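Below is one structure, written out as structure tokens, with a few remarks after it.
The values are calculated or read from the model by the stated rules, or taken from the named source; none is laboratory data. Owing to the predicted nature of the structure, the values given are computational and were not obtained by experimental measurement. For neighbour counting, all protein chains shown are included, and Cβ atoms are generated from backbone atoms with ideal geometry for every residue, glycine included.
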Amino acid sequence: MNNSVSNTARLLGAGLRALLVLTLVTGVIYPLVITGIAQGLFHDKANGSEIKAEGKVVGSSLIGQQGYSLDYFQPRPADGLGENSVNTQYKLILSGATNRSGDNPELIKWVEAAKAKVVKDNSTADYEVKPSEVPADAVTSSGSGLDPDISPRYADLQVHRVAERNDLPVAQVQRLVDDHTEGRTLGFMGEPRVNVLQLNVALKELINGS
């Protein structure tokens, strides 16, 4: 009887020590080490890839934003974004796609309307946009609806409008786009792209400094 109680107590003690050690290692030491490595080597990414303007965080380079005026570069459409109908106490942005096939009549109608708007918005007194020049990313949303990037073609198409509305030389705005155009990742993955938020932050700095 005494041996049984002693063995049970010894096993419980060993289990408790193992619990405390594992809690300390996996719950305290490991997270602190990983956090330290992330902050030391990947500080920007570890903190959400934040973009700052005038000393304030204005967004993340990983998440697209809507609502820019026509004085600025426009992002991809966000038709796929959902609505928060579960907990209306909070205003949430839900990612999502339209889930409509390429030959869906409603999607075709959306694309045609979006293309007409892009042509109208970006045609200026000395620059006319042709429907055939409008790239796909200007009239369709991404799978998540939160794509932060646009194609260089779509950015270039907007240059004349942005220059006219801000009284800037076209060549100066074009250089801004060129400077913010990123190539393929590692030279072969993905497509060239332009981050809209970063581009608009640089544009605002240019406007304020001009």
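General remarks:
- In the set (1) touching a residue at least 40 places away in the same chain (Cβ under 8 Å); (2) not assigned by TED's automatic domain parsing to the domain that holds residue 148, residue 12 fails one condition alone, (1).
- Qualifying residue in region 14-34 (condition: at negative phi, under 14 Å from the mean Cα position of the chain (by Cα) and of a type in the set (A, V, I, L, M)): no
- Selection of region 147-181 for residues being within 22 Å of the chain's Cα centre (by Cα) and of a type in the set (Gly, Ala, Ser) yields 151, 155.
- Qualifying residue in region 53-68 (condition: among the charged types (D, E, K, R) and without any contact (Cβ under 8 Å) to a residue 24 or more places away in the chain): yes
- The set of residues in region 117-162 that are hydrophobic (A, V, I, L, M, F, W, C), without any contact (Cβ under 8 Å) to a residue 24 or more places away in the chain and within 20 Å of residue 203 (Cα to Cα) contains only 159.
- Residues satisfying the stated conditions in region 1-57, i.e. acidic (Asp, Glu) and not in a helix (DSSP H, G or I): 50, 54
- Among the criteria (1) polar (S, T, N, Q); (2) farther than 27 Å from residue 163 by Cβ; (3) exposed (fewer than 15 other Cβ atoms within 10 Å of the Cβ), the one residue 132 does not fulfil is (2).
- Condition met for residue 71 (surrounded by 10 or more Cβ atoms within 10 Å (Cβ to Cβ) and at pLDDT 85 or above): yes
- Qualifying positions in region 157-203 - in contact with a strand residue (DSSP E or B) (Cβ under 8 Å, 6 or more places away or on another chain), closer than 22 Å to residue 118 by Cα and loosely packed, with under 15 Cβ neighbours inside 10 Å: 192
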